[in-house]
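Asks: Just dropping this structure here.
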Amino acid sequence: MKGAAIVLALTLTAASAHAECAWVLWLEAGMTSDLAHGPESSYQTLQECVSALDQIELRVRQQSPAQLQRLTATSLYLGVTGRHGVKGGIVYMQQWRCLPDTVDPRSPNAAT
């Protein structure tokens, strides 16, 4: 429980540090060997971005509830496992993340 409080405190600190910038909802998607990043939309506040992520979660959870994971308040992950002769592991994934507009996850120096 103590660890969860520390994570929450760090998340709130990071959110307040970026409170004055815009937020971008990023989508990383594709086959696990060939992923593409792209901005989905941008928002004035973190709360607006998280609300958009909540709506995506509701929509996707109706279609693939067992394969969807809310990793953090600002990150949502969908992994599709192999079928039709493909054995084991995730073969296709989508991850949505709310990031400050100063972070580009496509950059090799991005802290994600």
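Asks: Could you list, in sequence order, the residues of the stretch 17-73 that are in a loop (DSSP other than H, G, I, E, B), among the polar types (S, T, N, Q) and surrounded by 14 or more Cβ atoms within 10 Å (Cβ to Cβ)? Before you say what the answer is, go through the steps one by one.
Replies: From the stretch 17-73, those in a loop (DSSP other than H, G, I, E, B) are 18-22, 32-33, 44-45, 64, 73; that's our starting set.
Among the residues that remain, those that are also among the polar types (S, T, N, Q) are: 32-33, 44-45, 64.
Across the stretch 17-73, the qualifying residue is only T45.
Asks: Mind checking which residues of the stretch 42-69 are touching a Leu at 6+ places or on another chain (Cβ under 9 Å) and closer than 15 Å to V80 by Cα?
Replies: Across the stretch 42-69, the qualifying residues are V60, R61, S64, Q67, L68, Q69.
Asks: Right, another one. Any idea which of (1) surrounded by 12 or more Cβ atoms within 10 Å (Cβ to Cβ); (2) of a type in the set (V, I, T); (3) more than 21 Å from P108 (Cα to Cα); (4) modelled with pLDDT under 90 is the one V7 doesn't satisfy?
Replies: Condition (1) is where V7 drops out.
Asks: Take the conditions at pLDDT 50 or above, of a type in the set (D, E, K, R) and within 16 Å of R106 (Cα to Cα) and apply them to E20. Does it pass?
Replies: no
Asks: If a residue has to be of a type in the set (A, V, I, L, M), modelled with pLDDT of 85 or more and over 18 Å from Q63 (Cα atoms) to count, how many in the stretch 85-100 make the cut? Let's see the steps before the verdict.
Replies: Just the residues of the stretch 85-100 that are of a type in the set (A, V, I, L, M), to begin with: 86, 90-91, 93, 99.
Of the ones still in play, those that are also modelled with pLDDT of 85 or more are 93, 99.
When the remaining residues are screened for being over 18 Å from Q63 (Cα atoms), the result is 99.
Residues in the stretch 85-100 being of a type in the set (A, V, I, L, M), modelled with pLDDT of 85 or more and over 18 Å from Q63 (Cα atoms): 1 in total.
The values are calculated or read from the model by the stated rules, or taken from the named source; none is laboratory data. As the structure is a computational prediction, the values presented were derived from the model and not from experiment. Quick reminder, even Gly has a Cβ in these numbers, built from the backbone with ideal geometry, and neighbours come from all protein chains shown.
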